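Please read the structure below before turning to the comments.
A short reminder: the numbers here are calculations on the coordinates, not readings from a lab. What you see is a predicted model, and the numbers here were worked out from it, not measured in a lab. Counting neighbours? That spans all protein chains shown, and the Cβs are built from the backbone with ideal geometry, glycine included.
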Amino acid sequence: MTQATTRTRTFVQALNEALDIAMARDPNVYMLGEDIGEMGGDFGVTRGLWAKYGDARVRDTPLSEAAIIGASVGSAMLGMRPVAEIMFADFIGECYDQLVNNAAKMHYMFDGQFKAPIVVRTACGGGFGGGPHHSQSVEGWFLNVPGIVLVAPSTPADAKGLLLASIENDNPVIFLEHKALYRIKGEVPEGYYTTPLRKAAVARAGSDVTVVATMKLVHEALAAAAELEKEGVSVEVIDLRTIRPYDAETVLESVRKTGRAVVANEAPKIGGLAAELSATIGEECFHDLKAPVARVAGLDTPIPFSLVLEKYILPGKEEVIAGIRSVMK
Amino acid sequence: MTQATTRTRTFVQALNEALDIAMARDPNVYMLGEDIGEMGGDFGVTRGLWAKYGDARVRDTPLSEAAIIGASVGSAMLGMRPVAEIMFADFIGECYDQLVNNAAKMHYMFDGQFKAPIVVRTACGGGFGGGPHHSQSVEGWFLNVPGIVLVAPSTPADAKGLLLASIENDNPVIFLEHKALYRIKGEVPEGYYTTPLRKAAVARAGSDVTVVATMKLVHEALAAAAELEKEGVSVEVIDLRTIRPYDAETVLESVRKTGRAVVANEAPKIGGLAAELSATIGEECFHDLKAPVARVAGLDTPIPFSLVLEKYILPGKEEVIAGIRSVMK
Amino acid sequence: MTLDIETLVDLYRDMWLIRAFEFGLEREFKKGNVPGMLHTGVGQEATQAALAAHLQASDAFFPDHRCHGINALAQEKHQGDGERIMAELFGRATGVCSGKGGSLHSANPKVGNFGDNAVEGSYMATVLGVALAYQMRGQPNVACCIIGDGTVGRGEFHESLNMAAIWKLPVLYACVNNGYAISMPVGKGHASADIVDLARGYGFPCEIVDGNDIEAAYDAVQRAIAHIRAGNGPYFLEFKTWRWQGLFSGEFRSPEEVKYWKEDRDPLKLAREKILAQGKLSAEDLERIEAEVKAEIEAWIDFAKASPMPDPAKATADVYVGWEVTA
Amino acid sequence: MTLDIETLVDLYRDMWLIRAFEFGLEREFKKGNVPGMLHTGVGQEATQAALAAHLQASDAFFPDHRCHGINALAQEKHQGDGERIMAELFGRATGVCSGKGGSLHSANPKVGNFGDNAVEGSYMATVLGVALAYQMRGQPNVACCIIGDGTVGRGEFHESLNMAAIWKLPVLYACVNNGYAISMPVGKGHASADIVDLARGYGFPCEIVDGNDIEAAYDAVQRAIAHIRAGNGPYFLEFKTWRWQGLFSGEFRSPEEVKYWKEDRDPLKLAREKILAQGKLSAEDLERIEAEVKAEIEAWIDFAKASPMPDPAKATADVYVGWEVTA
Ligand SMILES: Cc1ncc(C[n+]2csc(CCOP(=O)(O)OP(=O)(O)O)c2C)c(N)n1
Ligand SMILES: Cc1ncc(C[n+]2csc(CCOP(=O)(O)OP(=O)(O)O)c2C)c(N)n1
Ligand SMILES: [Mg+2]
Ligand SMILES: [Mg+2]
């Protein structure tokens, strides 16, 4: 990301730019999904691209999630670069077999003879009263699946750079777009660039405690860090960016430095990303840790509809602050 | 389990007894799945029950995994007690949405008005050259799913008692049957009894190190313990039995006593059960731990066909021993 | 066929209730009083009223995202408290799911409402089990799943129809073909614009019904349910209709199409004409009914607004039956 | 129709190769030399040989669990090394997937073999994408998925046929209806024992073919592929056939049924009769061919057995393209 010129763009606009650039650069790139054509998708991420690239490369599909992923994978076997949209991440259970047993395993089980370079863009995350089937964080469903790549941007600039990198990557990528971030704005470089996969970013440098966060919780962690700075606590915030396979090095280096770690992820705590990070930190930084790693995560429940209930179970700035305080004791 | 009379039975026979008893005790119990009728299932678990209970209660289905789980859940909403068989756990991706978004959430999202007391029996685990789609350990796919119960017996007696308890339980249970255990024998009490869910067992008492294991790895851990005993290392082996929600108390109590922990699970290491256990032990036993928690798990790969390859990536006794040695250092 | 005037007027009232419910709800949604997403059933009232008229509290129906109306009718008919559907949509403690479900997950087994599943079409599998339980217990009930034309794209469509057929299950498939799945026209998303073409292969009766003609809809549902209750297995009804509103809809339909459906094919207008043609009620009689229904809906909205929010701590209840959540 | 003698004899040889392959494999499996599970295609040779005869290396086919034969034919025809299919089944380093795939996951894109997926039927979705790539690139190729009658139960059957229809994709559905899915008779597992009844609604051509008559099968595949290559969209062939062996099969079939299919309807016997009827080859000529093929298969088995096991450390290669596995 050495581009000089940046403009203020929303997360959605940044994604849209990435798709436009990828489509223009490589005729093998095409998109498919429900209502992504003339309508531009439920969240407007593909807006304008159907008009520009036409029916054949911006393909509206029926409500057939398994067929969407199957078609993506099959075309990728022949060198196409499909970018599929699964409207809400919650629906990815409908194509779980296609992703886990076929896309993720194909390169391996066929001894490297096929690749499945697909990107599955999907809107995840809660906070808007979407209820149990429109609000989930699904990274936990795929954490234990070798072969899958999970990418999770938190800023418009990364959204663009990571999406371009994902489309170029030769592995099947599930690209998580947190709905609460779609409207945030940030400086986005012009033109083509990629942000490396499998590389975490230090979103804020600090020396007392490390917070490893994803997506919306990066912002909550930054807000928590700003607040705790007033109390003299220096918080380092690491934006994981790629969830699988993740950049343990950057995480561990930071924790070795600070000696304290909080992992923050919106999905339910039990069996989620926070557990994996905590386990790895526990293994690798055993002698550096001054306090147990704290997990800041969703409560172990489905996501209720009513906003007061939803707020109760999802983690936010306050929970991150509490997590930090717990490890500072 | 206070029964006096026990008999030697295989794991398969023990499961078969449990099904027979459950069918006899409660007319709401019925079974459905592919080839479970006259044929008795791929592994013979339902053998003889079709002849005894007939077509209506032992239902052969088409190759329609989503419909099998859908039918189970719908009937459970009206108080039936379906026991579904998904022939190989690997195929559960085909009904992932049905389990995760409907069975697991129904009680919650409908405010307790419906229950989904289904049991989904399924054959998991590797070691026989089954290849990438007939060998997986799938507990990792459901660890981050609140509302799901994961049960995983390691002995014939527990297989029977846990299956009866699962059928009686009011929650949706995925009942994992490790294929490598089907033919093992053990003492099994006669008649009806249940083994409590959500309660781990101390499979072997010890004082130097705790190994928390599941299914086949319980046996590997016991073998490892026997071997290390000769070297003067006293290993406590905990059989988790219920994987979600699990019995943290028994685990933590043991680790607090021994100060050293190894978690052993056949699924890939990254993002799996071993991570969850390690994280929780790290949080709760921070000051008791004399060494970092060791994870003994599968390598981060799909399961290859050729036996030499499969053996390389799956954990066994040797890997458990290495794990124990690493924490004894 | 011609319905007797009492039935027709009752149905008219039910249809009006649906429309008033949806318009009131939409108004409140736009004001920011209703969280989440909104999909309304305006234009599809005849189909919903016909189904509600024939389904008993001991039957089961799976409502989709446009079925607030049928949910409210069932609630009103069997428990007399339709306002609890409204309250659920407002996320209140008095809602049928105490605010946990919302628009897309309102259920109440006591009135036969087996709940929406917002993963469109997943309950095409669930409905099999409900029907199977009826069959195994020898109960003459019907399990009805209401699906849109778009939802037919899901693989479960095939698994469900096939299993219902081979097991002769008492399932009523009520396919509400309103021409679109969000922006996708039915003839573009499916091999046939007539969904029955995809259903006929399973060998049970399939019918196309004018979903905007309350008499035709009422009659078809009656016929289908009689067939099912008599133990003859599943039945498939495709209601041709059109939705007036719904998020992400307007811009993909021509002004002619909109005019045709709203002016020439409005199910309420058509029903009103039928009633007046019988010469037993006057336009004023109907206006009185409309005003009464409208007032009732406003009372429901007031009830919802005045209801307390759920206790936040309830958010961890009922994850597991009998077990507390520990994290 | 009658095939010319050269074609017929070639097909006879191919069918014999399949049968010899399967019998040899089964023998070795019983000796414990082949790990995992085994499903053979004995009895279904005509269908497989007909498909193999018409598919080019630049086409794609998805073989199912009984398709060792078609895999071997493709491998032999396009690369001259059918023994690498055998070696794969033995889990050897010389196998087409270096032992990583085995019986249920043998693939080789160079011969058009896009690999089995042992989650039965999942590739009904994958085939769409292969066909879509051909279509988008203007290539006149065919993507063929071979599915059993039982596999038709999967929801992807519907999603696949529907999407292939609306996008007019060059897909050949080759449904091998051998009457059973493990123990489930086709007429019990499906609403119709004729799978075409479930496929016709999608509006593209569907045919029932005598899968044990090599001439009928050859002809049907030719016709279907010509239709597809000409850009007319998908085609569905249902081959009626029967499998001799296969795990978990025998006990659910009556002795009469077994006798009928093995004696009266053996595709090899039927083909032999056709050849001899043309009067150009003698029984001895055919026996010579059979002996040659048999010897070749034994050589393949010897090759497989003599091949090295894979290097265990390769077990962590190729999980990700370009990235090493770290745990
Ligand atoms: C599995 C799944 N895919 C996609 C969606 C998003 N979605 C919600 S409604 C809808 C369109 C449904 O169309 P149809 O069934 O015709 O119902 P209509 O809205 O027209 O009444 C879609 C695609 C969903 N909820 N679930
Ligand atoms: C999704 C899935 N469900 C179940 C199985 C187990 N299974 C393997 S083969 C088979 C029967 C398939 O029947 P059919 O398609 O008719 O093929 P046949 O064996 O008769 O050739 C089944 C149920 C599987 N492999 N995948
Ligand atoms: Mg519609
Ligand atoms: Mg078959």
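Taking residue A:329 in one copy and the same position in all the others, each labelled 7 Å out along Cα→Cβ, what are the pairwise distances from the first, in nm, shortest first?
Those label-point separations list as 3.1 nm.
Under the √(5λ) rule applied to the eigenvalues of the Cα gyration tensor, what semi-axes describe the equivalent ellipsoid of the protein assembly as shown? Give them in Å, descending.
Three semi-axes, in Å: 44, 41, 32.
Between the stretch B:1-55 and the stretch D:254-300, how far is it from one alpha carbon centroid to the other, in angstrom?
Their Cα centres are 45 Å away from one another.
Can you tell me how the stretch C:1-137 classifies by the Cα gyration tensor, rounded, prolate or oblate, using a/c under 1.5 as the rounded cut?
Note, shape of the stretch C:1-137 comes out oblate.
What number, in nm² with one decimal, is the all-direction average of the projected area of the convex hull of the alpha-carbon atoms of the stretch B:201-328?
Projected area, direction-averaged: 7.2 nm².
For a quick check: with amide H placed at 1.01 Å from N, whose amide H comes under 5 Å from residue A:204's, ignoring anything fewer than 5 positions away on the same chain?
A:237
Give me the net charge of residue B:302's neighbourhood, meaning all other residues with Cβ under 11 Å from the Cβ of residue B:302; Lys, Arg count +1, Asp, Glu -1.
Surrounding charge for residue B:302 is -2.
How many Cβ atoms of partner chains, on average, are near each residue of C:34-47 if near means within 10 Å of its Cβ?
Per-residue shielding by partner chains comes out at 2.
Whole Å is fine, so just give me how far the alpha carbon centre of the stretch D:49-82 lies from that of the stretch B:210-254.
Answer, in whole Å: 49.
When all alpha-carbon pairs of chain D are counted, what percent fall beyond 37 Å?
14 percent
Given R₀ = 35 Å, what would the calculated FRET efficiency be for residue C:292 paired with residue C:193, taking r from the Cβ atoms and rounding to 0.05?
0.35
Which of C:130, D:186, B:138 has the fewest other C-beta atoms within 10 Å, and how do the rest follow up to the most?
By the 10 Å Cβ count, ascending: D:186, B:138, C:130.
Could you please report the charge total around residue D:135, scoring K, R as +1 and D, E as -1 over all other residues with beta-carbon less than 14 angstrom from its beta-carbon?
+3
Which of the residue pairs A:269/A:311; C:100/C:269; A:329/B:290; A:199/B:329; B:52/B:105; A:317/C:100 have a Cα-Cα distance greater than 27 Å in the structure shown?
Table pairs above 27 Å Cα-Cα are C:100/C:269; A:199/B:329; B:52/B:105.
Run through all the Cα pairs of chain B and give the fraction in each 10 Å bin from 0, expressed as whole percent.
Per 10 Å bin, starting at zero, the Cα-Cα P(r) for chain B comes out as 6, 27, 34, 23, 8, 1 percent.
Consider just the alpha-carbon atoms of the stretch D:87-153 and return their Rg together with their Dmax, both in angstrom.
13.6, 39
Place +1 on the Cβ of every Lys and Arg and -1 on the Cβ of every Asp and Glu in chain C, take the dipole about the Cα centre, and give the residue among C:9, C:129, C:178 whose Cα lies farthest towards its positive end.
Selected residue: C:129.
Report the antiparallel proportion of the DSSP beta bridges in the stretch A:118-272 as a percent, rounded to a multiple of 5.
Counting only bridges with both partners in the stretch A:118-272, antiparallel ones make up about 20 percent.
Counting other C-beta atoms within 10 Å, and keeping those with at most 16, which DSSP coil GluC sites (Glu not before Pro) do you find in the stretch A:172-208?
Answer in residue order: A:190.
Can you work out D for the stretch A:7-189 in µm² s⁻¹ from Stokes-Einstein, where Rh is the Kirkwood radius over C-alpha pairs, the temperature is 4 °C and the viscosity is 1.567 mPa s?
81 µm²/s
Based on the alpha-carbon gyration tensor of the stretch C:194-327 and its eigenvalue square roots a ≥ b ≥ c, which shape applies: rounded if a/c is under 1.5, prolate if not and a/b is larger than b/c, or oblate?
Judged from the Cα gyration tensor, the stretch C:194-327 comes out oblate (a/c at least 1.5, b/c at or above a/b).
Grab the DSSP H runs of chain A that are 4 residues or longer, score each as -39,500 (n - 2.57), total them, divide by all residues and round the 222 nm result to the nearest 500 deg cm²/dmol.
It comes out at -10000 deg cm²/dmol, rounded to the nearest 500.
What nm distance separates the two modelled labels at residue C:285 and residue B:230, each placed 7 Å from Cα along Cα→Cβ?
9.8 nm
What's the FRET efficiency of residue D:207 with residue C:13 using the Cβ-Cβ distance as r and R₀ = 51 Å, to the nearest 0.05?
Here the calculated transfer efficiency is 0.40.
Along the charge dipole of the stretch A:201-328, pointing to its positive end and built from +1/-1 on Cβ of Lys, Arg, Asp and Glu, which listed residue (A:233, A:306, A:273) has its Cα farthest out?
Final value for the positive-end residue is A:306.
Could you give the spread of the C-alpha atoms of the stretch A:64-114 along their three principal axes, from largest to smallest, in whole angstroms?
32, 19, 13
Working only with C-alpha atoms, what are the Rg and Dmax values of the stretch B:111-257, expressed in angstrom?
Here Rg and the maximum Cα pair distance are 16.0, 57 Å.
Out of the DSSP beta bridges found with both residues in chain C, what percent are antiparallel (nearest 5)?
DSSP beta bridges in chain C are roughly 10 percent antiparallel.
Quick one: Cα centre-to-centre distance for the stretch B:125-171 and the stretch C:139-207, in angstrom?
Using only Cα atoms to place each centre, the spacing works out to 34 Å.
Just flag the GluC sites (Glu not before Pro) in the stretch B:222-306 sitting in loop per DSSP whose Cβ has no more than 12 other Cβ atoms within 10 Å.
Those satisfying the criteria are B:231.
If the label for residue D:33 sits 7 angstrom from Cα along the Cα-to-Cβ line, what are its distances to the same label in every other copy, in nm to one decimal, shortest first?
8.0
Only sites in a loop by DSSP and with at most 16 other Cβ atoms within 10 Å count here; which trypsin sites (Lys or Arg not before Pro) in the stretch D:1-103 make the cut?
Passing sites in the stretch D:1-103 are D:31.
Which distances, in nm and shortest first, link the residue C:291 label point to the same label point in every other copy, taking 7 Å along Cα→Cβ?
Listed shortest first, these distances are 10.4 nm.
Could you work out the relative contact order of chain D, using alpha carbon pairs under 8 angstrom and six or more residues apart, expressed as a whole percent?
After rounding, I find 23 percent.
Any idea what the dipole of chain A comes to, in debye rounded to 20, about its Cα centre with Lys/Arg Cβ at +1 and Asp/Glu Cβ at -1?
Rounded to the nearest 20 debye, it is 520 debye.
Just the number, please: percent antiparallel of the DSSP beta bridges in the stretch A:7-189, rounded to the nearest 5.
Here the share of antiparallel DSSP bridges comes out near 15 percent.
Suppose we consider the axis relating copy C to copy D; can you name the residue of C with the nearest Cβ and state that distance in angstrom as an integer?
Reported as residue, whole Å: C:155, 1.
Mind jotting down the three principal axis lengths of the stretch C:60-109 based on Cα atoms? Whole angstrom, largest first.
22, 22, 16
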